[in-house]
Amino acid sequence: MKKNNRNIAKVFMWIVLLIVAVIQLFPLIWLVDFSLGSSNEMFTNGLLIIPEKIRWDNYGKAFVDGNFLHYFRNSVLINTLAVVLVVIISIMAAFACQRMKWKMSGLVSTVLVMGMMIPIHATLLPNYKIYHMLHLTDTIWALLIPYAAFSLPQGMFLMTGFIQSIPMELEEAAVVDGCGIYRIVFQIITPLLRPSIATVAIMTFLNNWNEFMMASTYLSSPKWKTLPFSVLEFTGEYSSNYAVQFAVMALTAAPAVIVYIILNKHITKGVAMGAVKG
Amino acid sequence: MKKLYSNKLVIFSLVLPGVLVFVFGVLSPICLSVYYGFTDSTGMGEAHLIGLRNYMDLFHDRVFGRSLKNSLFLAIGFICIQHPLAILVAAVLDKLQGKAEGFFRCIYFIPNVISVAVIAYLWKFIYNPDFGLLNHVLQAFGYQGQINWLSQENAIWSVLIVLIWHGFGWGMLIYYTGIKNIDPIFYEAASIDGASWWTTFLRVTVPLMKPVIQINVTMAVISALKQMETVYLLTNGGPSNSTQFAANYLYQQAFKAFKYGYGNAIGVVFVIICVLATVGLNRIFREQQDV
């Protein structure tokens, strides 16, 4: 009797998990499915279609006319630079505020972390003016500065916590050996922070990879636009060709999904660490 | 050691980049917003100081009121629908062992890494009355007729559904991590007492997860307040402002209606509301913990 009960519970468990999995995944399967058909096939009654002929050329059009390669390159470059900036700056500032002895350390640390409360979108209007005045609109700086600025508070917060947990003795030994502060920060502390750097990098990437509001406000030419613009600017001649539009959406989503599936364990751990502490 | 660790010049050089980024990226735009909030700027040409008039207007602005109500609606939706589901699924997932556990965890999080640009456009197609997925699903269950998901009455619910779907993996993951951190001793005790799975969930898991729930609730409220991207692409606040949100509204006022000064005034009030909400919720939860 008891065993029977347990089996029922197990079946029930699987059903719940499968239903949720279907809900989370089905829209994406639908997207990929229809991206391989022709536009006319959208108006069938079934949930999914078996395309008469698999139209890989939809993806060809999406790749070329969606300017995929150019936008992808921009996204990789800008996000990598933003991550490097956030990691270096937050390690330096967190070390100075956490370990070094000065009167304002607590205040500066609090102010930098408080930036977390400021909504990004409130800065869209004034930043537009500022970048215009400084002739930064349409340059890479118009994205790098706000991306770094809005990921820094979180980076700073996480790094402060991590540096706190490193024992002082290591640094004391280094000082006895005649190490300067910069060497302590970059050659002793930084390598120890490797898992935390991964967390900060993942959080910064997730924050900024898909960002498009600032990009569409501060940029006017395609020069530095990022991957979401493959989708946003893809209408015009294909406005009635839904299948190609589906292909461009699937293609734009692909890099992040693929990287996530490959690195899923690390990303899960990073998010869990970052979010619980944040 | 002491001397080395209190070298002012070194400290200055370490903190300077962070402070510069903060001043340039966060502080100066906010200050500029405060200034423009007091003007009748249209975005171009000269601006005149007009005192508190923008703020007086904002006080009577029905659309802004609607935006805040919509944020409240989202927050309640997250807390009453998304979070109970997330915590329950996390608890079930925790019971599962082996490869399947990682597999489901991975799948649930996938929508989260996809750009809002793709998500919003995809859901526009899903909601499409003619060939959208959702109406097809309803037909498969025998429902005849077409629902206009983005009509004035339905649109805010449709926005909520997209956001719950998109953010589900995130909330689930945080609860899941919290559950993994619970000491197994509590479960052993419960099973010795003969408690059922459901009783264990309600009496052991949920109470022990209180700090995690509090963090997640705070984040739900903040993200409901800050909502912009999905709405901007899915409905752009419409039809007739039924899905308007503060961030989207200030953007529209500044760049579409050319009321740049007014838009900045909204921005200032928006920042104040967000800061008050964060500080307020943290304080409420902290006091509870002390009791």
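Considering A:8, A:78, which residue is at pLDDT 80 or above, buried (at least 17 other Cβ atoms within 10 Å of the Cβ) and either at the interface with chain B (Cβ under 10 Å from one of its Cβ atoms) or in a helix (DSSP H, G or I) (or both)? It would help to see each step written out before you state the result.
Working: A:8 fails: buried (at least 17 other Cβ atoms within 10 Å of the Cβ).
From the options A:8, A:78, the qualifying one is A:78.
Need the failing condition index for residue B:117 against (1) buried (at least 20 other Cβ atoms within 10 Å of the Cβ); (2) under 23 Å from residue A:19 (Cβ atoms); (3) of a type outside the set (Val, Ile, Thr), just the number.
Among (1) buried (at least 20 other Cβ atoms within 10 Å of the Cβ); (2) under 23 Å from residue A:19 (Cβ atoms); (3) of a type outside the set (Val, Ile, Thr), the lone unmet condition for residue B:117 is (2).
Could you check how many residues of the stretch B:49-105 are within 14 Å of another protein chain (Cβ to nearest Cβ) and of a type in the set (Gly, Ala, Ser)?
Number satisfying all stated conditions: 8.
With respect to residue B:148, is the statement that it is over 21 Å from residue B:113 (Cβ atoms) and crowded, with 20+ Cβ neighbours inside 10 Å true? I'd like the intermediate steps shown before the answer.
On the way: over 21 Å from residue B:113 (Cβ atoms): yes; crowded, with 20+ Cβ neighbours inside 10 Å: no.
So residue B:148 fails the test.
For residues that are surrounded by fewer than 15 Cβ atoms within 10 Å (Cβ to Cβ) and not aliphatic (A, V, I, L, M), scanning just the stretch A:13-50, find the one that is farthest from residue A:232 (Cα to Cα).
A:14
When you scan the stretch B:54-66, do you find a residue that is among the acidic types (Asp, Glu) and not in a helix (DSSP H, G or I), even just one?
There is at least one residue in the stretch B:54-66 that is among the acidic types (Asp, Glu) and not in a helix (DSSP H, G or I).
For residue B:131, state whether it is at pLDDT below 85 and facing chain A (nearest Cβ under 7 Å).
Yes, satisfied.
Give me a count of the residues in the stretch B:155-200 that are surrounded by fewer than 15 Cβ atoms within 10 Å (Cβ to Cβ), within 29 Å of residue B:224 (Cα to Cα) and either free of Cβ contacts under 8 Å to residues at least 12 places away in the same chain or in contact with a His (Cβ under 9 Å, 6 or more places away or on another chain) (or both).
The number of residues fulfilling the criteria is 2.
Which members of the stretch A:38-61 meet the condition of being within 12 Å of chain B (Cβ to nearest Cβ) and either among the aromatic types (Phe, Trp, Tyr) or in contact (Cβ under 8 Å) with a residue 60 or more places away in the chain (or both)?
A:39, A:41, A:42, A:43
Just checking, which of A:100, A:168, A:116, A:104 is surrounded by fewer than 20 Cβ atoms within 10 Å (Cβ to Cβ) and under 26 Å from residue B:250 (Cα atoms)?
A:116
The values are calculated or read from the model by the stated rules, or taken from the named source; none is laboratory data. A quick note: this is a predicted structure, and the numbers were derived from the prediction, not measured. Note: ideal-geometry Cβ built from the backbone for every residue, glycine included; neighbour counts use all protein chains shown.
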